[in-house]
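*Asks:* Handing you a structure now.
Please treat every number below as a calculation from the coordinates, not as lab data. Model, not experiment: these values are computed from the prediction. FYI the Cβ positions are ideal-geometry reconstructions off the backbone, even for glycines, and counts take in every protein chain you see.
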4 protein chains.
Amino acid sequence: METLTDKILTSTIRQRPADSYKGTYGRVTLIGGNRNFGGAILMASAAAVYAGAGLVTTITDASNQGSLHARLPEAMFADIADVSQTQALVQGTDVVVIGPGLGTDEAALQVLTNVLRTVTPNQTLVIDGSAITLVAKYQLALPQAHLIFTPHQMEWQRLSGIVIAEQTPTANRQAVDRLHATVVVKSHRTEIYTATQTYVNPLGTPAQATGGMGDTLAGMIGGFTAQFTPQEQAVCAAVYTHSAIAEELAQTQYVVLPSQIAADLPRFMKAHEGTQA
Amino acid sequence: METLTDKILTSTIRQRPADSYKGTYGRVTLIGGNRNFGGAILMASAAAVYAGAGLVTTITDASNQGSLHARLPEAMFADIADVSQTQALVQGTDVVVIGPGLGTDEAALQVLTNVLRTVTPNQTLVIDGSAITLVAKYQLALPQAHLIFTPHQMEWQRLSGIVIAEQTPTANRQAVDRLHATVVVKSHRTEIYTATQTYVNPLGTPAQATGGMGDTLAGMIGGFTAQFTPQEQAVCAAVYTHSAIAEELAQTQYVVLPSQIAADLPRFMKAHEGTQA
Amino acid sequence: METLTDKILTSTIRQRPADSYKGTYGRVTLIGGNRNFGGAILMASAAAVYAGAGLVTTITDASNQGSLHARLPEAMFADIADVSQTQALVQGTDVVVIGPGLGTDEAALQVLTNVLRTVTPNQTLVIDGSAITLVAKYQLALPQAHLIFTPHQMEWQRLSGIVIAEQTPTANRQAVDRLHATVVVKSHRTEIYTATQTYVNPLGTPAQATGGMGDTLAGMIGGFTAQFTPQEQAVCAAVYTHSAIAEELAQTQYVVLPSQIAADLPRFMKAHEGTQA
Amino acid sequence: METLTDKILTSTIRQRPADSYKGTYGRVTLIGGNRNFGGAILMASAAAVYAGAGLVTTITDASNQGSLHARLPEAMFADIADVSQTQALVQGTDVVVIGPGLGTDEAALQVLTNVLRTVTPNQTLVIDGSAITLVAKYQLALPQAHLIFTPHQMEWQRLSGIVIAEQTPTANRQAVDRLHATVVVKSHRTEIYTATQTYVNPLGTPAQATGGMGDTLAGMIGGFTAQFTPQEQAVCAAVYTHSAIAEELAQTQYVVLPSQIAADLPRFMKAHEGTQA
């Protein structure tokens, strides 16, 4: 297991080439936010935008349209109830993030299965939150694609079948290999399992222990994988950045809000930008 | 009667243990905000989030969903008209704050009686604003629970039967003992009556004399009692913090807005954090 | 004609007495904002809150409820279509501000006549924007009350019958005396006509020449008259403050937004606070 | 081809005359924002307001009313479905900006043809985004007016028939001459074709490569042409300002958000203000 250092930042967050345009930095489509949990997809979407994704679309419950644009006019909106529009948007995107605030009801299941059927091998699919629970509960078939799961320990238990107390690196590795996915197991010291490597994030602060942090990380992973390669490195850099910003803010704050982490991304990423790739 | 000092801060707001997660810092469910008074529950909810509660849910009129998430994506939303969902959310929470912007009509009464029937002995119930008026008017049966009332003087008159001019510490103490509750009597110099002690808050500024201050305090008490023990001390620390922030802001502001107090909580609490408990 | 100086600030904006509460600083009810012009009543309401009014209620089109609370949770909302609720709220307030974004259609006329019939002699009524146009057009009977009109020059022409080129102090004075009102004639150098005096505001910057400035001033006059006496002095202080803040911000801004003036009120008023009255 | 320098700023952004009012700085009406792309018209509208336009009206889908006013109370709202109101507003304005988030469906086409029929020779019409695509696709007749197109390279291909690889200054000039319009061809190094001159913008940063930048520029061009003459110079100054602000912010930010550029306009324009015209 390799412990991440801030070298992951400069080797991933590269100076942008002068002659680039928004298409260069990828399309990210975030799907989630039912009537109860709209804030989750708003936070994830803000994280993708502030991380620098070229174009961000948020597919969510119609009741969240106004609050999305009040906070984040940079994101496009689509109604999660529109099945064919969702398919079209997923087909045209580079990265899909599904799960933040999605819920686990029948409607959420339909949305998720629609997405799982639509994603193609060249696309990246970040599966977070209740989408993980649904995959585990209904043993949903996973598409050929660049899959990234971002479970907390209980969600990982559901997905892997490994109870929390037995989530050792060795046990986790076996489960990850069966999944053919990158897995971010979120905890006090988050672990990242890629196809070939295991990383541990040495950072993190209890000031981060508040609702919405996972949604923000999922959105950041969407934004980072849309821009940076190799993808495994992008995931590691997103996890590290998330905690590093939290630690900086926690110097002067008792609690760090997820939306503050997103807002601080442009500054932090500039400060840790590497030379051009 | 003991006068609070800033020792209440360091002895209550403890450094967070490294190995903790959002569940460690409690679930707070805030209930209120009819169509007219939605701002009240938004301010209370923001105070709970910025105070560091682990998970915050806001049960309010459906018309407030958008403005809640536009201001505070960290809070989850639930429709106050959904009786069974309200029961389920109350059952699954650590702290309930009911009253900010709830109103006093028949619908508000139904919501309140539903909550009073659902709360269990291990839970904390903060009863504020119009919920106090309803309890007094209809002589509602109070549950076995950790009860905290936060009346201003007129609401205390309604609840205790003691007219404002006669609200002496002795008279108040007798009424409090009958209530089996902690009571925060809000005034120019707020008094806190716990089961065994009476405290007076020496702080406060006329710059605070603006609508929404009480809603913010109720939310802060929710956030503090979800995180800190003993509970009586958490209530005292919330009251003291509320006024201390107001006094600091009033150095350079003629009026202090309630939402500014909430926003300043992370900084203030860090500055007055004690060693780990 | 007396030229205002910054003495109007310290003699009006007095240090608040320690033992005061939100009732001390008055209730302000703002009425306006149809479906097109909701922003106007939002800006006016923010000005009243940030000026320090004790309690602020905004009566506006139902479609503005969400944006009001997204910006300003401190204000209470009421639906302008509810005639009896509007009457009750007007009866229970100290100051009414009517006009910002009200429009001039039949519905607006009904709201205005309802308010004009309801206001009582001890109340202050600020008549702004389209409400002035309606009063002029329909020759509406004005109530016995503390009346304040805040026309720009064209609205003053409609109300007084004096064409802009002939709006001299002498002509204006005669029209004001017939109105039994304080009149604020807004222009490059705003003039204030009280019952006994005429004042001119020496401040103002072309950076202020943007939509919404008048709405913000109307809300400030509401907030100042709710708190400060004598009322004529409160009006003068509001006009002077509005321009003084704009001049300060215009040192570093090509254009000054109305919402920036409201947001700066707490700081400015503290910096120019006089000794206790 | 002339390379723009910062002289375009001081020669265009003139100190405002003391005796001016909001009418002096023009009326700008922005049209766009369907249910999916509401954020685009919000960003464009904010750019017009922060650039200093005297009065700004936003004609958009009804579902965007709340988010518009939550972000920007300074803008007036109108429902894009109201054909006759749109006509009346267009008739009464100085500058129309059409296209940001308008979409390309039948409803969008109807709105656009309605506007193209209504605009008169003395008015300025900025045609952006999907409105350009519609003009090209349906070969819509263009009105006699001060026309400004703001295509990116693909939209310019659609409008001019010149494929991107062949968009040389010479080829572009011929197409522009046929259009009788000013054309801003947006790319890494944006080119501006007026009736008599061609300019190139030397500024720009890859930190700007994010969705919404074009919408913000369109709104800025609306705000600049409403205030400054000659119009071609106003367009050049808007383009230069947009990139100059982005470059400044990119000193400390990895990505620059469009809404940050709008918010920085008052400061930047003051810092580069020339003497009075």
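*Asks:* Could you give each residue of the stretch D:133-146 its phi-based ³J(HN,Hα) in whole Hz, using Karplus coefficients 6.51, -1.76, 1.60 with θ = phi - 60°, and x for Gly or Pro?
*Replies:* Result, ordered by residue: 4, 5, 4, 5, 5, 9, 6, 5, 5, 9, x, 5, 5, 7 Hz.
*Asks:* From the backbone phi of the stretch D:194-210, what are the Karplus-calculated ³J(HN,Hα) couplings (6.51 cos²θ - 1.76 cosθ + 1.60, θ = phi - 60°) in whole Hz, Gly and Pro given as x?
*Replies:* For the stretch D:194-210, the Karplus curve yields 9, 4, 10, 9, 10, 10, 10, 8, x, 9, x, 9, x, 5, 7, 6, 8 Hz.
*Asks:* When the Kirkwood hydrodynamic radius is evaluated over all pairs of different C-alpha atoms of the stretch D:19-92, what value in angstrom, to one decimal, is obtained?
*Replies:* 12.3
*Asks:* Give the value in nm², to one decimal: projected area of the alpha carbon convex hull of the stretch C:136-232, averaged over all directions.
*Replies:* In nm², the orientation-averaged hull projection of the stretch C:136-232 is 6.8.
*Asks:* Continuing with the same structure: Relative to the Cα centre, what is the charge dipole magnitude of chain D, using +1 at the beta carbon of each Lys and Arg, -1 at the beta carbon of each Asp and Glu, and rounding to the nearest 20 debye?
*Replies:* Around 180 debye, computed over chain D.
*Asks:* Dipole of the stretch C:1-67 (Lys/Arg Cβ +1, Asp/Glu Cβ -1, origin at the Cα centre): which of C:ALA53, C:ILE41, C:LEU4 lies farthest to the positive side?
*Replies:* About the Cα centre, the residue reaching furthest to the positive side is C:ALA53.
*Asks:* Sticking with this one: Roughly how crowded by other chains is peptide D:9-19, in terms of the mean Cβ count from those chains within 10 Å of each of its Cβ atoms?
*Replies:* Taking all residues of D:9-19 together, the mean is 2.
*Asks:* Could you give the Stokes-Einstein D for the stretch C:1-130 in µm² per second, using the C-alpha Kirkwood radius, 10 °C, 1.306 mPa s?
*Replies:* 103
*Asks:* Take the alpha-carbon positions of the stretch C:67-148, form their convex hull, and give its projected area averaged over all directions (one quarter of the hull surface) in nm².
*Replies:* Averaged projected hull area, Cα only: 5.4 nm².
*Asks:* Next question, about the same structure. Is it possible to state the helix-based mean residue ellipticity at 222 nm for chain C, with each DSSP H run of 4+ residues giving -39500 (n - 2.57), the sum divided by total residues, to the nearest 500 deg cm²/dmol? What is it?
*Replies:* Mean residue ellipticity at 222 nm (helix-derived): -13500 deg cm²/dmol.
*Asks:* Next up: Counting other C-beta atoms within 10 Å, which of B:GLU166, C:GLU248 has the fewest, and how do the rest follow?
*Replies:* B:GLU166, C:GLU248
*Asks:* Got the C:ALA141 label distances to the other copies yet, label 7 Å along Cα→Cβ, in nm, shortest first?
*Replies:* Relative to the other copies, C:ALA141 has label-point distances of 5.6, 5.6, 8.0 nm.
*Asks:* Shielding of D:35-43 by partners, i.e. mean partner chain Cβ atoms within 10 Å per residue?
*Replies:* Whole-number average of other-chain Cβ neighbours for D:35-43 is 6.
*Asks:* Related question: Using θ = phi - 60° and the Karplus curve 6.51 cos²θ - 1.76 cosθ + 1.60, what whole-Hz ³J(HN,Hα) does each residue of the stretch A:44-49 get, with Gly and Pro shown as x?
*Replies:* My calculation for the stretch A:44-49 gives 4, 5, 4, 4, 5, 5 Hz in order.
*Asks:* Once you place label points 7 Å from the Cα toward the Cβ at B:ALA18 and D:THR168, how far apart are they in nm?
*Replies:* 6.6
*Asks:* So, one more: I need two numbers for the protein assembly as shown: Rg to one decimal and Dmax as a whole number, Cα atoms only, in Å.
*Replies:* Spelled out, the Cα radius of gyration and Dmax of the protein assembly as shown are 29.6, 92 Å.
*Asks:* Also: For a quick check: with amide H placed at 1.01 Å from N, whose amide H comes under 5 Å from D:ARG14's, ignoring anything fewer than 5 positions away on the same chain?
*Replies:* Close amide H contacts, sequence-distant or interchain: D:GLY274.
*Asks:* Could you list which residues have their amide H under 5 Å from that of C:VAL97, counting only those 5 or more apart in sequence or on another chain, with H placed in the peptide plane?
*Replies:* HN-HN under 5 Å from C:VAL97: C:THR29, C:LEU30, C:ILE31, C:VAL126.
*Asks:* Continuing with this model, one more query. If you bin every alpha carbon distance in chain B into 5 Å steps from zero, what whole percent lands in each bin?
*Replies:* 1, 6, 14, 19, 21, 18, 13, 7, 2, 0, 0
*Asks:* Can you pull the one-decimal nm distance between simple spin-label points at B:ARG158 and C:THR3, each 7 Å off the Cα toward Cβ?
*Replies:* Taking the simple label geometry, B:ARG158 and C:THR3 are separated by 5.4 nm.
*Asks:* Based only on other Cβ atoms within 10 Å, what is the fewest-to-most ordering of B:ASP82, C:ASP105, C:ASP215?
*Replies:* C:ASP105, B:ASP82, C:ASP215
*Asks:* At A:GLN87, label 7 Å along Cα→Cβ: distances to the other copies, nm, ascending?
*Replies:* Label point to label point, same position, other copies: 4.1, 4.1, 5.8 nm.
*Asks:* For the stretch B:66-221, how big is the tail of P(r) above 23 Å, as a whole percent of Cα pairs?
*Replies:* Result: 38 percent of Cα pairs exceed 23 Å.
*Asks:* Neighbouring Cβ atoms within 10 Å as the yardstick, rank B:HIS188, D:HIS272, C:HIS242 fewest first.
*Replies:* Taking fewest neighbouring Cβ atoms as first place, the list is B:HIS188, D:HIS272, C:HIS242.
*Asks:* Could you sort B:44-54, B:250-260, B:109-119, B:14-24 so that the peptide with the highest average Cβ count within 10 Å comes first and the rest follow in order?
*Replies:* B:44-54, B:250-260, B:109-119, B:14-24
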